[in-house]
1. Based on the Kirkwood radius over alpha-carbon pairs, what is the Stokes-Einstein translational diffusion coefficient of region 140-268 at 25 °C with 0.890 mPa s viscosity, in µm²/s?
2. Using only Cα atoms, figure out Rg for region 235-353 and give it as a multiple of 2.2 N^0.38 Å.
3. Hey, which of these cross-link pairs are over 27 Å Cα-Cα: K160/K372; K160/K182; K338/K425; K179/K230; K193/K372; K108/K425?
4. Out of the total accessible area of the chain (probe 1.4 Å, heavy atoms of protein only), what percent is carbon and sulfur?
5. Quickly rank 211-220, 165-174 as a protection proxy: mean count of other C-beta atoms within 10 Å, highest first.
6. How do the peptides 408-415, 10-17, 83-90, 310-317 rank, highest first, by the average count of neighbouring beta carbon atoms within 10 Å per residue?
7. In debye to the nearest 20, how big a dipole does the chain give about its Cα centre with +1 on each Lys and Arg Cβ and -1 on each Asp and Glu Cβ?
8. How many percent of Cα pairs in region 36-75 exceed 15 Å?
Amino acid sequence: MGFENPSCQLLSKIATNEQHGENSPYFDGWKAYDNDPYHPTQNPNGVIQMGLAENPLSFDLVEEWIRKHPSASICTSEGVQKFRDIAIFQDYHGLTEFRNAVARFMGKVRGGRVTFDPARIVMAGGATGACELITCCLADPGDAFLVPTPYYPGFDRDLKWRTGVQLIPVICESSNNFKITKEALEEAFENAKKSSIKVKGVIIANPSNPLGTTVERETQITLVNFINEKQIHLVCDEIYSATIFSRPNFISIAEIIEEVECNRDLIHIIYSLSKDMGFPGFRVGIVYSYNDAVVDCGRKMSSFGLVSSQTQHFLASMLSDDEFIDHFLKTSSMRLAKRHQTFTSGLEEVGIKCLNSNAGLFCWMDLRPLLKEPTFEAEMVLWRLIVHKVKLNVSPGFSFHCVEPGWFRVCFANMDDETLEIALKRITIFIQATEKNQM
């Protein structure tokens, strides 16, 4: 007599479903790095992590600020007098000074062209928590959101895993640099309708992850008109909004709705300090909604993923220092531009092209000429070769739901200059060996 695995019987459907996406090549590359991490002296032949979009390039500025402002932390003799108030604070609205500072920072990042109301800021545990929170507010299990491709693999986890919501791809192609079109939106919407799937909204990332491009004004106007016509929501993930390093400038959906007539109850922004400031470990996620009911509901849900009061206290002080923030944002942009130029120039020297980009912490690298055939099977063969032989963790386009084989996302900001040079050297050797084999 056979028995089912008792461990599975004890777990919920949420715990055992496959929607987390952990088996994706995107996460497999991380595992390869974890098993054999590069170190300049202890493991010089290890895997270099180029699959992680982190931004420590301007940490020296943050460290300098911390040394000059010890009272910002309750863990110092200068700041300990605030310990009791901060230690017992548990209001899920958040510290008033924190919400004020975040609202002001969001406006500053957008060039002061729009302002944000601190009363509309809802906290969450990082952008991951913010994405799940807004999904829970807007959709029921079985409902769907349209998402332009290629899109961040973590959306499958953040938006689907525990919510039961579906993601329907809006197909974008390299022929127009992966721009979102009205035709693609309509096609995805109609296909969902034919399958009796209720579409609750569109979710975009601006700037785009993995493309590293900003969404043009005309495209955003198209999106607003589309969701207004369908009476569905528009969620804009703007967590890379301060990583712009060349023109065109970033345009927030907050600016577009000042120009275009629409139902503002349908507009929502996801924000975080993980990319713009480089603080993913602080787990600061923000939902900014123009819908009063979403703000109210989201604030209740935020009880499951609040930002610690100690973190709020510290960041309120830092983000309120206008002189420091102005210097940080300017310097960060310049350093990202330099790093992007160094990396893409190195790739161009060996004939590798990237999609023209102006933002983000990564490049969308075109390795289609290296595929043995234009299939995703060939893409995976090439990816395994790069990860396990070249020892670089890059992320294949397949994991980003790209419809064209041969594109790879490669991060350039999460390492020092010396490691980047070694990565470029490995790529050069690999390309030279590949060309020799082809000859």
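1. Values: Rh = 15.0 Å.
D, rounded to a whole number, is 164 µm²/s.
2. Working: Rg = 17.8 Å, N = 119, 2.2 N^0.38 = 13.5 Å.
My calculation over the Cα atoms of region 235-353 gives 1.31.
3. Details: K160/K372 34 Å; K160/K182 25 Å; K338/K425 18 Å; K179/K230 21 Å; K193/K372 38 Å; K108/K425 39 Å.
Correct reply: K160/K372; K193/K372; K108/K425.
4. Details: 10450 of 20320 Å².
That fraction is 51 percent.
5. Working: 211-220: 20.4, 165-174: 18.5.
Going by the mean number of other Cβ atoms within 10 Å, highest first, we get 211-220, 165-174.
6. Descending packing order for the listed peptides: 408-415, 310-317, 83-90, 10-17.
7. Numbers: 43 positive and 54 negative charges, 65 e Å.
Around 320 debye, computed over the chain.
8. Working: 493 of 780 pairs.
The calculated P(r) of region 36-75 puts 63 percent of pairs beyond 15 Å.
The values are calculated or read from the model by the stated rules, or taken from the named source; none is laboratory data. If you're wondering where the values come from, they're calculated on a predicted model, not measured in any experiment. Backbone-built Cβ (ideal geometry, glycine too); neighbour counts: all protein chains shown. When the accessible area is computed, the model is the full protein with side chains, heavy atoms only, and any ligands, DNA or RNA have been set aside. Shrake-Rupley method; radii C 1.70, N 1.55, O 1.52, S 1.80 Å.
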